[in-house]
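Everything below concerns the one structure shown next.
Just so you know, all these numbers are worked out from the coordinates, no wet-lab data involved. Just so we're clear, the structure is a prediction, and the values are computed from it rather than from any experiment. Here Cβ is always computed from backbone atoms with ideal geometry, including for glycine, and neighbour counts include all displayed protein chains.
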Amino acid sequence: MAKAKKRKVAPGDVASNRYASYRFELLERLECGIALQGTEVKALRAGGAQLKDGYALVRDGDLYLHNVHIPPYPPAAHANHEPERDRRLLARRSQIDKLSAQIKEKGLTLVPTRIYFSADGRAKVEIALAKGKDRFDKRETIKARESKRDMDRALREANR
């Protein structure tokens, strides 16, 4: 039996955080650039980045990405990067101020949902303004997903 390859949300994605929609209610999404070192770009192109425990914070008027793991790039040897360093996100000042106000006022958080390369070859991060789900909300999400799967299965059987 061949080992199944990890499924990604979109073909151009480097990494995606599918678990975020289960743990959080995603309210608003924002595309940001990301300030990377050369070895980080090469490592992203090679794949293997992990977003699961990542989050973004506004610090000193700038947006930073924390706990996102970009593995070392093996050919770089001694000139490699720190795998889980804080990375600065590139967004407009007005967007950062708006996000900062929403986080402080409503108790929301910023969660990275995917990393990808744009058409012009630049690394981008999609972050979402998110509100944590209760255990009850998670059960509702599971129930809705299972009922949708059952309905789709019944429709496929009826169409045969």
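The table that follows gives values for the structure above.
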quantity: Nearest-ten-degree value, helix 93-106 long axis tilted from longest Cα axis of the chain; calculated: 50 degrees
quantity: Lys/Arg +1, Asp/Glu -1 at C-beta; the range 13-133 dipole; positive extreme among Gln95, Leu65, Gly47; calculated: Gln95
quantity: From phi via Karplus (6.51, -1.76, 1.60), per-residue ³J(HN,Hα) for the range 143-150 in Hz, x at Gly/Pro; calculated: 4, 5, 5, 5, 5, 5, 4, 5
quantity: The chain pair-distance distribution - Cα-Cα, 10 Å bins, rounded %; calculated: 10, 32, 31, 18, 7, 1, 0
quantity: Under the Karplus curve 6.51 cos²θ - 1.76 cosθ + 1.60, θ = phi - 60°, whole-Hz ³J(HN,Hα) for the range 114-124, x wherever Gly or Pro sits; calculated: 6, 10, 8, 9, 6, 4, 8, x, 8, 6, 10
quantity: Fewest-first sequence of Leu51, Leu27, Leu108 by Cβ atoms within 10 Å of each Cβ; calculated: Leu27, Leu108, Leu51
quantity: Furthest towards positive pole of dipole, Met151, Ile115, Phe136, structure part the chain, Cβ charges; calculated: Met151
quantity: Relative contact order computed over the chain (Cα-Cα under 8 Å; 6+ residues apart), in percent; calculated: 29 percent
